[in-house]
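Structure first, commentary second.
The values are calculated or read from the model by the stated rules, or taken from the named source; none is laboratory data. Just so it is clear, the structure is predicted and the values come from calculations on it, not from any experiment. Reconstructed Cβ throughout: ideal geometry from the backbone, glycine too, with neighbour counts over all protein chains shown. Only protein heavy atoms, including side chains, enter the accessible area calculation; ligands, DNA and RNA are left aside. Shrake-Rupley method; radii C 1.70, N 1.55, O 1.52, S 1.80 Å.
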Amino acid sequence: MPKMITDNEAAVRRAKILTAARWCFLNFGFAKTAFEDIAKRANLSRTLLYRIFKDKEEIYQAVFVDWLVSRQPAAKLAAKGPATPYERLLSVCRLMALEPWAEMVGTPMGSEFLETCELIDPKSEALYRKVVYECVAAILGDEASTEVFLLALDGLFADKPAMKVLEGRTKLLAARFAPRSTKKGLQS
């Protein structure tokens, strides 16, 4: 009879699997990642992995939701927080774009991660983009500015910049859409 594990142990095991799978997907890509790769990286048997996830697509969906969609509550709080619009805009960008990019940049298949998710789990990917849009719109206040800001933000990633470069670009972009105020209330 198999040993029963606690809910906490199951959650820890699931987190370990998702971390291992994310690493595999970012380094090998979806197409070249095998269940065996994920199982080895998570230090589990392939059989046990199949008991938890039915297929690679289900693992990919779980990785996306765990890694990116789970950031939504924090992004919503940041968008409505007490900071200046500039600071709130930067916070949302950090949570929803820069921090994930920090893990993707430099990995062989990082650039395909979101595109693959759009194919495998369009609902979660659309939800992710919707929440980013709503957060930015709550800060900027209108649809046109929000759309242009998000298009420009996407463009900042085009040449796969290093994190320091991307952070500088994002600060510059945020300052154009939500200028920083000085103590006297003047915009800089």
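Per-structure values
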{"quantity": "Cα centroid of the stretch 127-187 to Cα centroid of the stretch 1-52, whole Å", "calculated": "36 Å"}
{"quantity": "Within the stretch 83-188: Cβ-based charge dipole about Cα centre, in debye rounded to nearest 20 (Lys, Arg +1; Asp, Glu -1)", "calculated": "760 debye"}
{"quantity": "For the chain, built as a Gaussian network whose Cα springs stay under 10 Å, the top-fluctuating residue of ARG22, ARG46, ARG88", "calculated": "ARG46"}
{"quantity": "Per-residue ³J(HN,Hα) for the stretch 162-169, Karplus 6.51 cos²θ - 1.76 cosθ + 1.60, θ = phi - 60°, Hz, x for Gly and Pro", "calculated": "5, 4, 4, 5, 4, 4, x, 4"}
{"quantity": "Share of pairwise Cα separations in the stretch 32-109, more than 21 Å, in percent", "calculated": "46 percent"}
{"quantity": "Heavy atoms of TYR128 accessible to a 1.4 Å probe, total area in Å² rounded to 10", "calculated": "20 Å²"}
{"quantity": "Gain upon complete extension [LYS123, PHE28; 0.36 nm per residue less C-alpha separation]", "calculated": "31.8 nm"}
{"quantity": "For the chain, size of Cβ-based charge dipole, Lys and Arg +1, Asp and Glu -1, in debye", "calculated": "680 debye"}
{"quantity": "Accessible-area value, ILE139, 1.4 Å probe, nucleic acids and ligands omitted, Å²", "calculated": "20 Å²"}
{"quantity": "Under the Karplus curve 6.51 cos²θ - 1.76 cosθ + 1.60, θ = phi - 60°, whole-Hz ³J(HN,Hα) for the stretch 65-74, x wherever Gly or Pro sits", "calculated": "5, 5, 7, 10, 5, 5, 7, 4, x, 5"}
{"quantity": "Dipole of the chain, positive direction: furthest Cα of PHE30, LEU166, PRO122, with charges on the beta-carbon", "calculated": "LEU166"}
{"quantity": "Dipole magnitude of the stretch 29-133, debye to nearest 20 (Cβ charges: Lys/Arg +1, Asp/Glu -1, about Cα centre)", "calculated": "340 debye"}
{"quantity": "Nearby lysines by direct alpha-carbon distance to LYS130 (threshold 27 angstrom, same-chain neighbours under 8 apart not counted)", "calculated": "LYS56, LYS76, LYS80, LYS160, LYS164, LYS171"}
{"quantity": "Approximate shape of the chain as ellipsoid semi-axes (Cα gyration tensor, √5λ), whole Å, largest first", "calculated": "36, 18, 14"}
{"quantity": "Dipole axis of the chain (+1 Lys, Arg; -1 Asp, Glu on Cβ), positive-most option in ALA144, ASN8, GLY106", "calculated": "ASN8"}
{"quantity": "ASP121 accessible area, 1.4 Å probe, all protein chains in place, Å² to nearest 10", "calculated": "20 Å²"}
{"quantity": "Carbon + sulfur, % of accessible area of the stretch 39-93 - ligands and nucleic acids excluded, 1.4 Å", "calculated": "51 percent"}
{"quantity": "Cα-based helix-to-principal-axis angle, 143-155 vs the chain, degrees rounded to 10", "calculated": "60 degrees"}
